[in-house]
1. Among the listed residues Ala99, Ala118, which satisfies the condition of being of a type in the set (Gly, Ala, Ser), surrounded by 16 or more Cβ atoms within 10 Å (Cβ to Cβ) and part of a strand (DSSP E or B)?
2. Quick check on my filter: what residues within segment 5-61 are of a type in the set (A, V, I, L, M, F, W, C) and in a strand (DSSP E or B)?
3. Mind listing just one residue for me: the one in segment 13-49 that is β-branched (Val, Ile, Thr) and modelled with pLDDT under 85 and, of those, nearest to Gly113 (Cα to Cα)?
4. Taking Leu110 as meeting all but one of (1) out of contact with any helix residue (DSSP H, G or I) (no Cβ under 7 Å at 6 or more places or on another chain); (2) modelled with pLDDT under 95; (3) aliphatic (A, V, I, L, M); (4) in a strand (DSSP E or B), write down the number of the exception.
5. Kindly provide the set of residues from segment 68-92 that are part of a loop (DSSP other than H, G, I, E, B) and loosely packed, with under 13 Cβ neighbours inside 10 Å, ordered by number.
Amino acid sequence: MSAASNYLENKVLDHVLGKGARTMTSPAAIYLALFKETGTGTLANLEAGTLTDEISTSGTAYARTAVTFSAAASGTAATSGTVSWTTATADWGTVTAVAVMDATTAGNVLFYGNLTAAKAISSGDTFQISSTNLTVSLA
């Protein structure tokens, strides 16, 4: 995952280049959100910070999940442990993308990208991303 949202790109540039109030601070915690393709262009929506394709929280047991990353090396950081969502209590649909978010609901997209392989999540399934299998890079 190497795509940064417009929000994050602007914050980082203003901070590093000394523009504005340099108000960028690290979020207290970061979360992973899961998205499904609905024909509206999920990645384009995430670039713009639009969350319309996120998995529904209504009656599904879906919620964003906290994530931690190891220290970056060579411009890349990887998840420092396995990330597990709660067991689905209804079908979530086919998960096609993931985003690093700065809040448990609403908030801002920081990074986003497609999964290597889409995954259908049915009632009773538990979605996981194994340790180090999700990386964020600045390239």
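The values are calculated or read from the model by the stated rules, or taken from the named source; none is laboratory data. Bear in mind that the values here come from a model prediction, so they are computed numbers and not experimental data. No Cβ is skipped: glycine too gets one built from the backbone with ideal geometry, and neighbour counts run over all protein chains shown.
1. Values: Ala118 fails: surrounded by 16 or more Cβ atoms within 10 Å (Cβ to Cβ).
On inspection, the qualifying residue turns out to be Ala99.
2. Initial filter on segment 5-61 (of a type in the set (A, V, I, L, M, F, W, C)): 8, 12-13, 16-17, 21, 24, 28-30, 32-35, 43-44, 46, 48, 51, 55, 61.
Answer for segment 5-61, where residues must be of a type in the set (A, V, I, L, M, F, W, C) and in a strand (DSSP E or B): Ile30, Leu32, Ala33, Leu34, Phe35.
3. Going through segment 13-49, the residues β-branched (Val, Ile, Thr) turn out to be 16, 23, 25, 30, 38, 40, 42.
Now drop any that are not modelled with pLDDT under 85, which leaves 16, 23, 25, 38, 40, 42.
Details: Val16: 24, Thr23: 26, Thr25: 23, Thr38: 15, Thr40: 15, Thr42: 9 Å.
The qualifying residue nearest to Gly113 (Cα to Cα) is Thr42.
4. Against the list (1) out of contact with any helix residue (DSSP H, G or I) (no Cβ under 7 Å at 6 or more places or on another chain); (2) modelled with pLDDT under 95; (3) aliphatic (A, V, I, L, M); (4) in a strand (DSSP E or B), Leu110 comes up short only on (1).
5. Quick first cut of segment 68-92, residues part of a loop (DSSP other than H, G, I, E, B) only: 68, 70-72, 74-75, 80-82, 85-92.
Thr68, Ala71, Ser74, Gly75, Thr82, Thr86, Thr87, Thr89, listed by residue number.
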